[in-house]
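First up is the structure itself, then whatever we jot down about it.
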Amino acid sequence: MITSFRRHAATLAVILTVAAFGVPTSATAQDASKAAPAAEAPAPSAAPAAPMAPPPAPVPTVTKETIENPYGLEALWRQGDFVSKGTLIILVIMSMGSWYIIFVKLWEQFKLMRQGREMSSSFWKSASLKDGAKKLKDGSAFRFIAETGLEANEHHEGALTDNIDLNTWVTMSVQRAVDTVQNRLQDGLAFLATVGSTAPFVGLFGTVWGIYHALTAIGIAGQASIDKVAGPVGEALIMTAIGLAVAVPAVMGYNWLVRRNKVAMESVRTFGVDLHAVLLGRKVELKAAPAR
């Protein structure tokens, strides 16, 4: 009995052992078999998403703050009355006229000096005075003097001119022609002299008018605050500066042009004297020819 009981106990133990380890093993294998297809299934190929670029940073807008100058030329014109504007316009006209005359006279002097050089190389080498006069440039000062001398030498007739000898008549004609050229060179210089002498006083008038405005503003405000006085005083100082800026170039241009006129007129006077001598010598030869 005991032996058969031991055999049954051993058999039961074996069955329990198999039941304990076999069932989980099969479950594990079953789970592995189920997981295998899932592992073997290829994963869907999805392209990796590109990283998004950050949005551009906003460009900061730089705003320049413009500060209006309440004491400049624009404010002077805007705030000034008709007297201030009229004074400023007069100074501008005087300045423009001065610079125009300076440039025009410089160009005339340059042309006269160039014509003097051309005359020296062509006129005195001609066969006669008429041929020499034709070689000179039409409208030039030297041709005007030469034609005037020739006309006075050839047309010395009349009841009134008979009382004047030929020498005096030719001398007077040539001298008048030289004086005419000199007067043309001096045209406009009187305007420069006038501007140079009066422009500072015109600017001073604007200065006085600006100070008057300053005193008026102080009287109205009842106190001498800087904002009430700065505008009119600035207007006064600007008028003074403009007056000096107009007068100084006019005076300097006048003195410079007068000095250059003297240099340019030297060649003109020399030409007049030489022409006078040639005309009188030619007339003496024509009178002495029949006596031979």
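Of all residues in the range 96-119, those that are surrounded by fewer than 18 Cβ atoms within 10 Å (Cβ to Cβ) have Cβ atoms under 9 Å from Cβ atoms of residues that are at pLDDT 90 or above and among the aromatic types (Phe, Trp, Tyr), 6 or more apart or on another chain, in Gly97/Phe191; Leu106/Trp256.
Scanning the range 165-183 finds no residues that are surrounded by 15 or more Cβ atoms within 10 Å (Cβ to Cβ), under 30 Å from Ile242 (Cα atoms), under 48 Å from the mean Cα position of the chain (by Cα) and at pLDDT 90 or above. Ile211 - would you say it is among the aliphatic types (A, V, I, L, M) and either within 19 Å of Ser267 (Cβ to Cβ) or in contact (Cβ under 8 Å) with a residue 12 or more places away in the chain (or both)? In short, yes. For the range 125-156, taking the residues that are touching a residue at least 12 places away in the same chain (Cβ under 8 Å) and part of a loop (DSSP other than H, G, I, E, B), the one that is nearest to Leu189 (Cα to Cα) is identified as Ser140. Residues in the range 120-143 that are more than 44 Å from the chain's Cα centre (by Cα) and of a type outside the set (Ser, Thr, Tyr): Trp124, Lys125, Ala127, Leu129, Lys130, Asp131, Gly132.
The values are calculated or read from the model by the stated rules, or taken from the named source; none is laboratory data. Not measured: the values here are computed from a predicted model. In this analysis, Cβ positions are derived from the backbone assuming ideal geometry, glycine residues included, and neighbour counts consider all displayed protein chains.
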